[in-house]
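Undergrad: Dropping the structure in here first, questions after.
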Amino acid sequence: MGHSAPKIATIDGIAEEIGVLLGSMLIETVDHADELTFIVERDELVNAMVALRDMAQYQQLMEIAGVDYPDRPERFEVAYHLLSVTRNHRIRVKVSTDEDRPVPTVTHLWPVAGWLEREVFDMYGVVFDGNTDLRRILTDYGFKGHPQRKDFPLTGYVELRYSEEDKRVVYEPVKLAQDFRSFDFMSPWEGAQYVLPGDEKAVAPAAPDAAPTPKVTEKKADTGAGEAANQAAKAKSDDAPTKPAATADEGKGAAKPEDKA
């Protein structure tokens, strides 16, 4: 059974063909894992894209993605993924930039690039020169920072919640007792010591009645049946054995031979 991914044709000599087509605009060609990547000069991006679309038959812009390498002088890479419908082939075009230098827009070549460039701008802060509608698209209004940058904190800078007092969503600085979580050191068996929203509406269960004090017999005479039964317990039956006299040998151990002489 074949792989579920669509089969992409491998065209012999396509890297050399595109390299000649781009000429001095090309910085480097990377051929890895059956994927071709062409790194071009940032200022020549538009000319390179026109040549690839009109002369190399890569008609469709499928995606624009950003990558952040904080250790590089130009920390951002912008990757353009192109598809040739007639050749059944895909290539990748890359340019590098930093926080200040803009990348030329390709919205006049592919209108879909308007939304894609806005995503890269929102996530990485890369500016696209010529994009007339460059604004955030994935984050909220007034969001600070760019979430896909490697130096952006995982918890963000602010958090939002709905305030019952103000009857609106409010933004507050992130407060963490420790990284990523807040501990209250509460035993999971005892349950929460605070009331969660909505719990105040629950009816508290009635307290159970106190258990009656059990009756116990602390003395032998206290049988629990009353005084008449206690007196009857003291009476002896007719066939009860009698206690031997104090002068008899019974009950004093074995008799000595001289005592019986």
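The values are calculated or read from the model by the stated rules, or taken from the named source; none is laboratory data. Everything quoted here is computed from the prediction, not taken from an experiment. So basically every Cβ, Gly included, is an ideal-geometry build from the backbone, and we count neighbours across all protein chains shown. For the accessible areas, the whole protein counts, side chains as well, though only heavy atoms, and no ligand, DNA or RNA atoms are used. Shrake-Rupley method; radii C 1.70, N 1.55, O 1.52, S 1.80 Å.
Undergrad: Looking at (1) farther than 16 Å from LEU52 by Cβ; (2) out of contact with any strand residue (DSSP E or B) (no Cβ under 8 Å at 6 or more places or on another chain); (3) modelled with pLDDT of 95 or more, which one does HIS108 not meet, given that it meets all the others?
TA: Just one mismatch for HIS108, condition (1).
Undergrad: Still on this structure, I have one more. If I ask for residues that are surrounded by 19 or more Cβ atoms within 10 Å (Cβ to Cβ) and over 16 Å from LEU82 (Cβ atoms), which ones from the range 106-119 would you list?
TA: ARG118
Undergrad: Only one of these conditions is not met by SER24: (1) open to solvent by 50 Å² or more (accessible area, probe 1.4 Å); (2) modelled with pLDDT of 95 or more; (3) within 17 Å of ARG90 (Cα to Cα). Which number is it?
TA: Looking at each condition in turn, SER24 falls short on (3).
Undergrad: Sticking with this one: Which condition number does PRO73 fail, the rest of (1) surrounded by 14 or more Cβ atoms within 10 Å (Cβ to Cβ); (2) under 28 Å from GLY125 (Cα atoms) being met?
TA: (1)
Undergrad: While we're here: Determine whether LEU22 is more than 20 Å from ILE137 (Cα to Cα), in contact with a helix residue (DSSP H, G or I) (Cβ under 7 Å, 6 or more places away or on another chain) and aliphatic (A, V, I, L, M).
TA: yes
Undergrad: Which of the residues spanning the range 75-88 are assigned to a loop (DSSP other than H, G, I, E, B) and at pLDDT 95 or above?
TA: Matches in the range 75-88: ARG75 only.
Undergrad: Look through VAL78, VAL50, VAL40 and report the one residue that is open to solvent by 20 Å² or more (accessible area, probe 1.4 Å) and of a type outside the set (Asp, Glu).
TA: Only one candidate qualifies: VAL50.
Undergrad: Further, regarding this structure: Go through the range 120-136 and report how many residues are under 14 Å from ALA65 (Cα atoms) and open to solvent by 40 Å² or more (accessible area, probe 1.4 Å).
TA: Narrowing the range 120-136 to residues under 14 Å from ALA65 (Cα atoms): 120-128.
Then drop every residue that is not open to solvent by 40 Å² or more (accessible area, probe 1.4 Å), which leaves 121, 127.
Looking only at that region, the number is 2.
Undergrad: Right, another one. Mind checking whether some residue in the range 89-102 is more than 22 Å from ASN131 (Cα to Cα), at pLDDT below 95, open to solvent by less than 50 Å² (accessible area, probe 1.4 Å) and part of a strand (DSSP E or B)?
TA: Yes: the range 89-102 contains one or more residues that are more than 22 Å from ASN131 (Cα to Cα), at pLDDT below 95, open to solvent by less than 50 Å² (accessible area, probe 1.4 Å) and part of a strand (DSSP E or B).
Undergrad: Sticking with this one: Please state which one of THR10, THR29, THR86 is within 41 Å of the chain's Cα centre (by Cα), farther than 22 Å from VAL120 by Cβ and open to solvent by 70 Å² or more (accessible area, probe 1.4 Å).
TA: The match here is THR10.
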